[in-house]
Amino acid sequence: MSKQDKHCTAIDFKSYQERLANNPSRETPLSKQPHQLDAPTQLDSSSNSKKIKTSPRSEHTRKVVSGGPKLFGLPQVCEEGTSRGLIVREESPWDTYRRTLRCNLAGEVFIAARRSRPSQVVAIREYTKGDVAKMRRLYDILDHDNVLTARECFVNKGCMYVLVNDLQLTLEQLVGCRSLYPTEAELASMTWQILDGLCYLNETGLEHQSLTCRNILLGLDGVIKIASLEMCVERPPGQAQNVYIKTLASITMEIMQKYVKDDGMVGVDDVDRWPVDSDAFGFLSALSTAKSIESLKDVPKPTCHE
């Protein structure tokens, strides 16, 4: 054999193909068998489909509630003839809440923490037997941003405990700070909120018989709410406006100069702090001549910017 024959190897592909054609029993390569994987693929698909149909997670995706309707203890939520509805629970509030503090904010208030979640704190006002029916009706119908309102109450052993939207201060505390006077914008905000609350009570047919700075709540954000609602008596709508005009004049003077003028006069003594041409002085003057509480809304509103 020559050196050339040792290093040159030739493969006869044509002869190899002819032998495959003459021998059908010989296994062909996988790449030449297009249907070999069809059966297993179909079987897997069928198996997966069957599993999906019988999966417990697919059959039960929602909670199933059985039994009759449950009593949630909210008989007053949709009481006919009310504007908001008061949730009434016939049980003691102290099963749910724990008293942590007692204070006086336009009346006695309990600050309480929820037993199951101590970080949740609420304000609760207590009313004794003589006021329960009256206060239950008032809280059920009153719905105004500048009047103390409630969302829920507990009735137990003849007393009512109301979860109220209380605030942190009263106007009396503001007036008591002898060195602290409001700006004209702050005065405008306070007096206009009180006016809105009084107009609402007047239209509702309620006269507050003890409306003073002590009974008006003040929030740290400047929100005003008329409180001590147990001092309200029913009047024909519109009849309480004369009382409210005089009351608003006294409260405005106290906020402006810390005291009320003698002999029922309306005005301020410090005209350097409150010039006669200021909007605040103009509003106070309108209070001395107003014929109706609603007419005060036509007076130019004091400036509400610094």
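Every number in this text was worked out from the coordinates using simple rules, so none of it is lab data. Predicted model, so just to flag it, every value in this text is computed and none were measured. All Cβ positions, glycine included, derive from the backbone under ideal geometry; neighbour counts span all protein chains shown.
Can you tell which of N202, N215, N156, N165 is under 28 Å from V299 (Cα atoms) and in contact with a Ser or Thr (Cβ under 7 Å, 6 or more places away or on another chain)?
Only one candidate qualifies: N215.
Please state which of the following conditions I245 fails to meet, knowing it meets all the rest: (1) touching a residue at least 24 places away in the same chain (Cβ under 8 Å); (2) not in a helix (DSSP H, G or I).
Failing condition for I245: (2).
Conditions (1) within 24 Å of S278 (Cβ to Cβ); (2) crowded, with 16+ Cβ neighbours inside 10 Å; (3) free of Cβ contacts under 8 Å to residues at least 12 places away in the same chain, marked per residue:
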| site | (1), (2), (3) |
| --- | --- |
| E184 | yes, yes, no |
| M190 | yes, yes, no |
| L198 | yes, yes, no |
| L217 | no, yes, no |
| V233 | no, no, no |
| P236 | no, no, no |
| Q241 | no, yes, no |
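Say we look at the stretch 95-148 and pick out the residues that are of a type in the set (D, E, K, R) and within 20 Å of the chain's Cα centre (by Cα); which of these is surrounded by the fewest Cβ atoms within 10 Å (Cβ to Cβ)?
Within the stretch 95-148, the match that is surrounded by the fewest Cβ atoms within 10 Å (Cβ to Cβ) is R117.
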